[in-house]
Each structure stands twice: as C-alpha cells, then as structure tokens.
Amino acid sequence: MAATPVMTPLQSVIGSPNRPLPEAISSESVIEIWGGEPLSGHIPVSGAKNSALVVLGGTLLCSETCRVRNIPDLMDIGRMAEVLLALGLKVNRAGHMLDVDASHVSHSKAPYDIVSKLRASFFVIGPLLARLGVARVPLPGGCAIGARPVALHIRGLQALGAQVHMDHGVVHAYVPGARGKLKGAKIYLDYPSVGATETLMMAATLAEGETVIENAAQEPEVVDLANFCIAMGAKIRGAGTNTIIITGVPSLHATDYSIIPDRIEAGTYLVAGALTKSEITVGPVDPSHLTPLLAKLRETGSKVEIEENMNIRISPGEKIASVDVQTLPYPGFPTDMQAQFMALLTLADGNSIVTETVFENRLQHVAEFNRMGADIKLKGDCAVIRGVSHLSGAPVTGSDLRASAALAIAGLAAKGKTTLHGLHHLDRGYERFEEKLRNVGAKLRRIPLSEVDSAAQPTIGAEN
Ligand code: EPZ
C-alpha cells in the first residue's frame, strides 16, 4: 500500500518577501558549458510542460478536487498554480503531484501580473466561461517568437454563444441569458492552433449540445487534455485528428490523472546525444510522439532504437549528414524542436535548409549560433546552414525557451567554454537541466552573473 503523500498547501508558489521570484535568480545567473565531453548513460524525461499547463487550466471545469501526477517542476507550473490560487482554488502539492480543489471559484478575473508572464494562463478563459458564464483574462502579450494572437480562441468562444470584447487589455467574456450556459456549435479553425483547440474543447465540455471543431490541432498535448477531460466525465471524440466532437454534459467529476512525458524535452536530449556523438538513452517517452524528429535524426545518420521500456537509444553514425527540415503543425516536424535540430545541422557534412512555418520570428538563435562559429544565412523564414567542422564556445544569449536549450546543447559539442545567458527562458521549460546533463557526463555549471569574467559577456543579443 503506497504511503499517503504529504500534501503541502500552496499559498504562493512564486515570489514572496523571503523568496525572490525565480526569474530574478535565473536572470542573475548563467550556465557555463565546457564542450567536448562525450555523454553516456540515461536521461530521465519529466512530464510534458505543454500538457501540464493546459490540464491545470482544465481543473477549473470540475467542482471537485482533481489529482494531477507527473507534473514537471518548472517556473511556468508555479505561475499557473498562482493563477488558480488567485481565482480562489486550493492547490496542494507533493513532489510531482498536485491536488487542485476547484469547488469554489471565487473570482472570474485572472491577475495581469501573472498572465503577462505566462501566456498559457490564457487557457483559463474557456473553463471559466464554461463554469461561471463569465471570464476576464488579460490579453496575453506577444513574445520573442511572435505576436501570438488569440483571435481564433475568441472567435470560437463567440461561436459557442459568448459575448467577448476587449477593454484596457483585458478580454471580457460572458454568456448572456439567465442560465449562462454556452451552446454547442460547429467551429472551423483557420489555423490548427494548439491553444485555440484546447480552449474551445474545454469550453465545449459543459456547453449545451454538440460542438465540432474542424481543422483542429492534433498535438499529443491536445490528446492528453482530451483524455483528462474524458477522465472527468466529458464526452469527447476525435482528439488527435483534425475533427474533434464534444457533447456537452451538465458537470464533471474528480479524477486522478497522470500527464504524458515531455516529447520536446526528450527530443532536446536526443539531439544533445547526436551533437556530442554519444550513445545515450532518453525516456520514458512515447516514440509515436516524436516520429518526425526520429526520422530526421536517422536521416542525418544517427542510429535510433526504440527500447521496450519507453526509452529511446541514440548512437552516432559515421558522420552527420545534412538534411532539410520544415516545421509544421503536428504530425509535422515540431517548431519546438527547430532550434535544437539546427544546432545539429551546424556540424553536418554539407548544406541544410531549415524553414520555420509556424511562428513568424523563431530564427533569432541563428545569430547566436554564428557567434559560435556556425555558418548560417537567413533568407526570410529559411535558414541556410553550411556545415562547419566544429563550433567554438562563446558567450551567447537565449531568445526563447527552446533557443536557450539549443545553445546549451550546442555548447556541449563546441570547443572551449560557452556561457549561456537568458536562463529565465530555460528554467521555464526544462526541469533540472544541468543536473540531468551532468549525470551523463556533461561539464556545465550555473554560476551567479557577478562571477562571470567580463570576456564572457555577450555583445550581440543584449537587450536593445
Ligand atoms: C503551443 O503554443 C505551445 N505552448 C508552444 O510551445 C508551441 O510552439 C505551439 O503550441 C505550436 O506547437 C503551449 O502549449 C503552452 P498555436 P500556442 O496557437 O497554442 C497562430 C514552447 O516552446 N495563431 O498553435 O500559442 C500563432 O500566431 C512553446 O513550449 C493565430 O494566428 O500555439 C502561431 O503563428 C512555444 N491566431 C500559430 O498559430 C490564434 O488565435 C501556432 O500557434 C492562435 C494562434
């Protein structure tokens, strides 16, 4: 009989007088990476950030306590919990497990200071509307990779019967009429937006009647959210295809649910293995969530084997062959793996072309790779990469979560020392990043910015 977990009530998970905001810690430190060390052993994979965030938003749909397991220990999770606390929910934590009691939702307005830092907190708008008939959520800002509009979310909520208007940067949504219930509708998404699909699927679970979402996103995290809602009693069919059908139910009940492994974290470490020409295993992860990445790794010459215990083994080929990659909505090559895979292609034998089609500004890491001796030219949404014999360590700055991880793993293969700045991005999406890499032989450490010698200060990438 498993011991009863000791749950700790979360009062304020981030930022309190005696606990500086984690990003304050992150932005005051850097990671120093010494390249050239081969890796060996196993890298464990945590729960999926992009599933945990939206599932936590989904707990608002249920007026009982839900237990969510395999939650990664990340800054963004703390922020999402903060949003739920601000809405009046109770959140208790034991390690990678959260109990969320949404029996009383006392507010319908998400706090700006958190939403401005965590786009994913916009996910509460659908559940709040479905549960309360009203929601006031600050418009999530853009970020380094793009404007990140939410028009598809809003148009879909309007199709479900909500009145939505913007006022002073806040999205005000409410359901007119005495009953305040959303009405099922047929919704076509102009673009298979992950967030819009998730927002509308959650809102439709408690709507009256049937909702059909066409041109829906098919990402594994969308399927995970659907499975979580179904575990609470929702009626959802077709998640994972481009057409999702939701039949509204009056209410949802408690459930105990475990988040899928993080395919992007797993992919990041697989590419680290390929970059350093090492043999490592990474897992657990569902290999079917990584089909395009595994295919492209094999095309570059890596040997990739699926082991029975949901681990993936990667080992080096004779050389790194150049390949072309285009990012696409799932099941295409994931945009969240674009920077990491580009790091590998900088060392390929020949020229490669990487085309970013999902976000309008997700190639800023090219300049940083070139500081490390890569030879990449930007042409619109394409990066033309001429493979070089080696990278050289340098001070670099990550512009977003995945670019930061990509620069770090590039540092593992570079000659000399790389100093990575911009850790507040990295800490949002990678649990125990240094520790997991150190455990397989990488040489890296996190130090305060004050200890970094001036030669290691980046000139490009600094805030302009
Ligand atoms: C999710 O963001 C992920 N974030 C992103 O991961 C991921 O890159 C993205 O999906 C694509 O896979 C979370 O799940 C928390 P989208 P989301 O809506 O939902 C346009 C990471 O590194 N669009 O599918 O915001 C949008 O501008 C992060 O972990 C509209 O035009 O992505 C973009 O060009 C980064 N109108 C494209 O769709 C809308 O209303 C894809 O965005 C919504 C989106």
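Rounded, prolate or oblate: which one fits the stretch 297-393, using the alpha carbon gyration tensor with axes a ≥ b ≥ c (rounded when a/c is under 1.5, else prolate when a/b beats b/c, else oblate)?
On the way: a/c = 2.05, a/b = 1.25, b/c = 1.63.
Taking the square roots of the gyration eigenvalues as a ≥ b ≥ c, the stretch 297-393 is oblate.
Excluding residue 323 itself, what net charge comes from residues whose Cβ is under 13 Å from its Cβ, given Lys and Arg +1 and Asp and Glu -1? Intermediate results must be reported in sequence, preceding the final value.
Details: positive: 296, 298, 319; negative: 299, 324, 349.
Summing Lys and Arg as +1 and Asp and Glu as -1 gives 0.
Suppose we keep just the DSSP beta bridges with both residues in the stretch 372-439; what percent of those would be antiparallel, to 5? Display every interim value, and only then the final one.
Details: 5 of 9 bridges.
Bridges in the stretch 372-439 are about 55 percent antiparallel.
Let me see the P(r) profile for the stretch 165-230: every Cα-Cα distance counted, bins of 5 Å, each bin given as a percent of all pairs.
Calculated over all Cα pairs of the stretch 165-230, the distribution is 4, 15, 21, 22, 20, 12, 5, 0 percent.
7 Å from Cα along Cα→Cβ at both residue 64 and residue 166: what's the point-to-point distance in nm?
Computed distance between label sites residue 64 and residue 166 equals 4.0 nm.
How many percent of the accessible area of the stretch 49-258 is carbon or sulfur, using a 1.4 Å probe? All intermediate terms of the calculation are to be shown ahead of the outcome.
Values: 3860 of 7420 Å².
The C+S portion of the solvent-accessible surface of the stretch 49-258 is 52 percent.
If I model a spin label as a point 7 Å beyond the Cα along the Cα-Cβ vector, how far apart are those points for residue 90 and residue 324 in nm?
5.9 nm
Which value, to two decimals, describes the C-alpha radius of gyration of the chain once divided by 2.2 N^0.38 Å?
Working: Rg = 22.1 Å, N = 464, 2.2 N^0.38 = 22.7 Å.
Taking N as the residue count of the chain, the ratio is 0.97.
Got the relative contact order for the stretch 49-258 handy, in percent, Cα pairs under 8 Å and 6 or more residues apart?
Numbers: 485 pairs, mean separation 43.7, N = 210.
With pairs under 8 Å counted, the relative contact order is 21 percent.
With a cap of 16 neighbouring Cβ atoms within 10 Å, and only residues DSSP puts in a loop, list the trypsin sites (Lys or Arg not before Pro) found in the stretch 152-188.
179
If you take every DSSP beta bridge fully contained in the stretch 49-258, what fraction is antiparallel? Give it as a percent rounded to 5.
On the way: 28 of 37 bridges.
Looking only at bridges with both residues in the stretch 49-258, the antiparallel portion is about 75 percent.
Would you mind checking the pairs 186/235; 415/443; 277/415; 49/417 and listing those with alpha carbons more than 22 angstrom apart? Each step should come with its number before you reach the end.
Details: 186/235 16 Å; 415/443 12 Å; 277/415 14 Å; 49/417 29 Å.
Correct reply: 49/417.
Please label the shape of the stretch 342-426 as rounded, prolate or oblate, based on the square roots a ≥ b ≥ c of the eigenvalues of the alpha-carbon gyration tensor (a/c under 1.5 means rounded; beyond that, a/b larger than b/c means prolate, else oblate). Each step should come with its number before you reach the end.
Working: a/c = 2.13, a/b = 1.08, b/c = 1.97.
Oblate, because a/c is 1.5 or more while a/b does not exceed b/c.
When only C-alpha pairs under 8 Å and at least 6 residues apart count, what is the relative contact order of the chain, in percent?
On the way: 1130 pairs, mean separation 89.2, N = 464.
Reported relative contact order: 19 percent.
Give me the net charge for the shell around residue 451: Cβ to Cβ below 13 angstrom, other residues only, Lys and Arg +1, Asp and Glu -1.
Values: positive: 445, 446; negative: 28, 32, 453.
Charge balance in the 13 Å sphere: -1.
Could you work out the relative contact order of the stretch 113-210? I mean the mean sequence separation of Cα pairs under 8 Å and 6+ apart, divided by the number of residues, in percent. Could you put the intermediate results ahead of the total?
Working: 155 pairs, mean separation 31.8, N = 98.
The value is 32 percent.
Name the shape class, rounded, prolate or oblate, that the alpha-carbon gyration tensor gives for the stretch 56-100, where a ≥ b ≥ c are the square roots of its eigenvalues, rounded holds for a/c under 1.5, and otherwise prolate holds if a/b is larger than b/c and oblate otherwise. Can you show the working numbers first?
Numbers: a/c = 1.84, a/b = 1.24, b/c = 1.49.
Since a/c reaches 1.5 but b/c is at least a/b, the shape of the stretch 56-100 is classed as oblate.
May I ask you to give the average projected area over all directions of the convex hull of the Cα atoms of the stretch 49-258, in nm² rounded to one decimal?
Values: hull surface 40.1 nm².
The number I arrive at for the stretch 49-258 is 10.0 nm².
Along the charge dipole of the chain, pointing to its positive end and built from +1/-1 on Cβ of Lys, Arg, Asp and Glu, which listed residue (180, 437, 154) has its Cα farthest out?
Checked the options; the winner is 180.
The values are calculated or read from the model by the stated rules, or taken from the named source; none is laboratory data. The shown structure was predicted, so the numbers you read here are calculated from the model rather than taken from an experiment. FYI the Cβ positions are ideal-geometry reconstructions off the backbone, even for glycines, and counts take in every protein chain you see. Accessible surface is based on the protein model in full, side chains and every heavy atom, while ligands, DNA and RNA are left aside. Shrake-Rupley method; radii C 1.70, N 1.55, O 1.52, S 1.80 Å.
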